[in-house]
1. Scan region 212-232 residue by residue and report those that are away from the ligand (no atom under 16 Å from the Cβ), assigned to a loop (DSSP other than H, G, I, E, B) and buried (at least 17 other Cβ atoms within 10 Å of the Cβ).
2. Only one of Asp39, Asp24, Asp13, Asp49 is of a type in the set (D, E, K, R) and open to solvent by less than 10 Å² (accessible area, probe 1.4 Å). Can you tell me which?
3. Going by the structure shown, is Gly167 more than 13 Å from the ligand (Cβ to nearest atom), open to solvent by 40 Å² or more (accessible area, probe 1.4 Å) and in the same structural domain as Thr249 (by TED's automatic domain parsing)?
4. Collect the residues in region 274-294 that are open to solvent by less than 70 Å² (accessible area, probe 1.4 Å) and touching a Lys or Arg at 6+ places or on another chain (Cβ under 6 Å), keeping them in residue-number order.
5. Go through (1) within 25 Å of Glu36 (Cα to Cα); (2) buried (at least 18 other Cβ atoms within 10 Å of the Cβ); (3) free of Cβ contacts under 8 Å to residues at least 40 places away in the same chain one by one and return the number of the condition Tyr66 breaks.
6. Name every residue in region 265-282 that is over 11 Å from His231 (Cα atoms) and not in a loop (DSSP other than H, G, I, E, B), in order of residue number.
7. Determine whether Ser209 is crowded, with 20+ Cβ neighbours inside 10 Å and away from the ligand (no atom under 13 Å from the Cβ).
8. State whether the residues of region 252-265 include one that is buried (at least 16 other Cβ atoms within 10 Å of the Cβ) and within 13 Å of the ligand (Cβ to nearest atom).
Amino acid sequence: MSTVSVFRLVYIDFYSKNAVSMVDYYTNTMGYRISEEVDGITYLSNALDHHNIVITPSDKTGIRRYGYQLDGNLSLEEVQEKLHVQGINSTIKDDAKPGISRLIELQDPAGNTIELFTKMQQTTVGFGSSGIVPHKLGHVAFYANNFNETIQFYKDALGFAFTDKIGEGFANFLTCNNDHHVLNIIASDETRLHHIAFQLKDASHQYASSDLLSKQGYPILWGPSRHTAGHNIATYHHDPEKNVVELYTDMDQYIPELGIFEPRPWHEELPMKPKVWEALSAWGTEFEMDLAKI
Ligand SMILES: [Fe+2]
């Protein structure tokens, strides 16, 4: 029988103290479009999914939920049973939220609330016509309490594959598709967001995004530089509520059947296999902001 398997990160739901500024940032700066506003909560779409970013007004900031799509080989009841056998409690919700009629809600060992679903409604809003307009929400990095248990959970319970580490006990990279990482889990004694990341189309898009961000008052805090793990060219900035946002291109593509990454000219060795890295920048560049300590 099939195993539980997610294949993409679909949305991130933010708690927001100043929802007006967050919605302004996601529409006018990032180029997302609003697909729906319900009960004060704003649902924003990259192009096709009902939502990829959710802004939920609150008295705090940070992450409210992460949403992952299941491959659909198992019913939600079967997924729930598989999780239950592994000692993981979950709740199936009907008429759960706009865009998703049924989902499973559970907590990972770090304490993050995650939602799993097989179907999301599509929207007709399309890509934005101004602002950055990324290709997609690509990955999330979070500090995790119960670091080892959390990594194990994503591998064993949700079907993620390990792709790289930085340091032995610092950061683990995991994927549920061909992108080098969909998750970056960082050891800590508290669980909180490290950054979220959006894929751009190419290097010229990266330059244009930095021009637009600086013009709109969002300076680049780290980068551009090529990472070691993933080899993505990345820049980082703060959104209006100081969540760190990465924009990247050129991420390594994983071939699970071979356990290697597609060959690229900048790779340090061939074939390129998952390994332990020491530095963050493949170019050796040091920036004022230390990404290892944000
Ligand atoms: Fe990242």
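1. The answer is Tyr218, and nothing else.
2. Asp13
3. So Gly167 fails the test.
4. Val276, Ala282
5. (3)
6. Matches in region 265-282: Val276, Trp277.
7. yes
8. yes
The values are calculated or read from the model by the stated rules, or taken from the named source; none is laboratory data. What you are looking at is a predicted structure, and each value in this text was computed from that prediction instead of being measured. For neighbour counting, all protein chains shown are included, and Cβ atoms are generated from backbone atoms with ideal geometry for every residue, glycine included. Just so you know, the surface numbers come from the protein's heavy atoms only, side chains and all, with ligands and any DNA or RNA stripped out. Shrake-Rupley method; radii C 1.70, N 1.55, O 1.52, S 1.80 Å.
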